[in-house]
C-alpha cells in the first residue's frame, strides 16, 4: 500500500481491507509511519512514536489493523510515557492501561504514538513549551486549536484517519473546527475515564476522538462506550449501534440557532456567513430552523467564574501530586506562566466556593434541558472566528509572575464561548465541517448539540450533512497524499 492509496481510506475502509486480506496490519502501520515522517516536521503534531505491540487478527475487531494515536493526556498505555505536555511530568511512564486503552486495543487499533497537547490540556491552542507549537495543516502559521490540537493536526494531514482526544470545554470540537474534521463530544458517563479517576474536572471532561468521516467516530464510540465498575456516571445504552445511526434518516428536526455567543463577544463576518450557508443547507434538507433564545441559567460572568473555580481547583491538585511524585518545584522552571497562574488561583479556592461552582453546573444543566424540550438540536458556530494565528492565544513571557489566573482563563472563554456550556450540562455536542471560508479556504465548524444521551440523533444528522455537503474531498496544504507533503491541493467551498 502506498501513501496515496492509504489517505483515501477512512478507518472503517482500512479495516475492511485488512479483513479481506488485501493488506496486513503491519503494512498499514508502515504506511502510517511513512506519512508521519512526511508531514510531522511541518506541523509538529506528534510528540513520540514507538514500536507497536498491537497485532490484532484481521476481522477480529471492528477497527482491526487501523493505525492510531493517543493524546498525551487522559489515557494511559502500559510502559509508555504520558507527560501532559508539561516539564513537571516529563519522563512519566504509565504502569498500566487505563480502561479506555484496553477498549482501544479490543477495537483492534494499532497505537504507535502520542500527540501534542497544551500543558495540562489547559488551553485552546496547542503551543506547549515542552514540545513547541503544533501547526494547522491548512495554514501552518495558524493554530490547530486545543487542547486536542496534535490529534486534529495529525488526522487532518492524513497521518491517521482517527485519533484519540479529550474535551472539557471544547477540546475536541475546537481543533476539529480549526482543521476541517468531525468530532463528537459524548454524553457525560458514556466513556469511562477510570480506573485512576472516577471523573475529570468535576465531570466536565470526557473522552472521544477526531476523525475525517462520521462513520469512523460512530464505530469507535460503539467500541469504547459503556461503564466500568466504579464509574460515578452512567449514560443509558443507546437503542442501536451508533454506526447504524449514521445512515438513518434524521427526520424533520426542530433546530434552534444561536448565532451570537453568550458574554457579548460578536461572531465575525466569515463565520456568520458560513453559519448562514449551513442554515440554508439545513432548510433545503427539510429541517425547521429558527433563531433561538438559549438561557444558560446564570449570567456569563457567573458561568466563567464557576468554570474557573472547578478547573483551577483540579489543576492545583494535579500539580501538587506531580510535584510530590517527581520531587520537582512548582515554579516557572516546571510550569508555563498561564498554568502557574491558574495553579496559584486554584490554591485560593475554598471548599464553599467549589460547592457553589457545582451548584452553577446544576443550574446550567437544568436550563439547557428546558431548551432541548423546545428544540431537537441547537446549532451554533463552533468558534466565533477563523483559526487564530500562532502566538496570539499562547501564554505571555513578559510579566509572567504577575499573570492573572482568572483573567487569562476568562480570555479563553471569550475566544471559545460556544462550547463549554455543553460540558457543564453533560450533553453531547459535535463540530461538523459543513463549509469553509470563501475568502481563505479555511475550514469553519458548525456545532450541533442535543439533549442528554442523544448522540444517536446527532450521528443521524451528521451523516445526512456529510452526504449533502461532503468534506473529505477538501484537503489541506500539508497533506500526506502529496509527494512532498506540503504542496497545496484540494479546494474549498
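Coordinate-derived values only; no laboratory data. Predicted model only: the values in this text are computed from it and were never measured. Note that we place each Cβ from the backbone using ideal geometry, even for glycine, and neighbour counts take in every protein chain shown.
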Once the Cβ-Cβ distance between residue 60 and residue 237 is put in as r, and R0 is 22 Å, what FRET efficiency do you end up with, to the nearest 0.05?
0.40
Using a 7 Å offset from Cα along Cα-Cβ at residue 359, what residues in region 311-339 end up with backbone N under 19 Å from the label point?
311, 313
Quick one: grab the alpha carbon gyration tensor of region 1-136, order the square roots of its eigenvalues as a ≥ b ≥ c, and give me rounded if a/c is under 1.5, else prolate or oblate depending on whether a/b is larger than b/c.
oblate
Subtracting the Cα-Cα distance from 0.36 nm times the residue separation, let me have the gained length for residue 102 to residue 333 in nm, one decimal.
79.7 nm
Can you give the relative contact order of region 3-468 as a percent, counting alpha carbon pairs under 8 Å and 6+ residues apart?
17 percent
Please report the antiparallel percentage of the DSSP beta bridges confined to the chain, to the nearest 5.
70 percent
Say R0 is 25 Å: what FRET efficiency, to the nearest 0.05, do residue 92 and residue 406 get from their beta-carbon distance?
0.30
Mean residue ellipticity (222 nm) of the chain, computed from DSSP H runs ≥ 4 via -39,500 (n - 2.57), nearest 500:
-11500 deg cm²/dmol
So, in Å, what gap is there between the alpha-carbon centers of region 375-390 and region 248-308?
8 Å
Note the full-extension length gain between residue 288 and residue 302 as 0.36 nm times their separation in residues minus their Cα-Cα distance, in nm to one decimal.
1.8 nm
Given a Förster radius of 60 Å and the C-beta distance between residue 244 and residue 392 as r, what FRET efficiency does 1/(1 + (r/R0)^6) yield to the nearest 0.05?
0.90
Is the shape of region 3-468 rounded, prolate or oblate, going by the alpha carbon gyration tensor and its root eigenvalues a ≥ b ≥ c, with a/c under 1.5 for rounded and a/b larger than b/c for prolate?
rounded
Report the relative contact order of region 189-341, percent, no decimals, based on alpha-carbon pairs under 8 angstrom and at least 6 residues apart.
18 percent
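Going by average Cβ neighbours within 10 Å, how do the peptides 2-13, 36-47 rank, with the highest at the top?
So the peptides 2-13, 36-47, ranked by packing, come out 36-47, 2-13.
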Taking the highest mean first, how do the peptides 287-294, 324-331 order by number of other beta carbon atoms within 10 angstrom per residue?
287-294, 324-331
Which peptide among 308-317, 191-200 comes first, and what is the full order, when sorted by highest mean count of other Cβ atoms within 10 Å?
308-317, 191-200
Want the number for residue 4 to residue 273: 0.36 nm per residue separation, take away the alpha-carbon distance, what's left?
93.5 nm
For the pair residue 347 and residue 468, the simple spin-label estimate (label points 7 Å beyond Cα toward Cβ) gives in nm 5.3 nm
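Pull out a ≥ b ≥ c, the square roots of the eigenvalues of the alpha-carbon gyration tensor of region 76-158, then state rounded if a/c is under 1.5, prolate if not and a/b is larger than b/c, and oblate in the remaining case.
oblate
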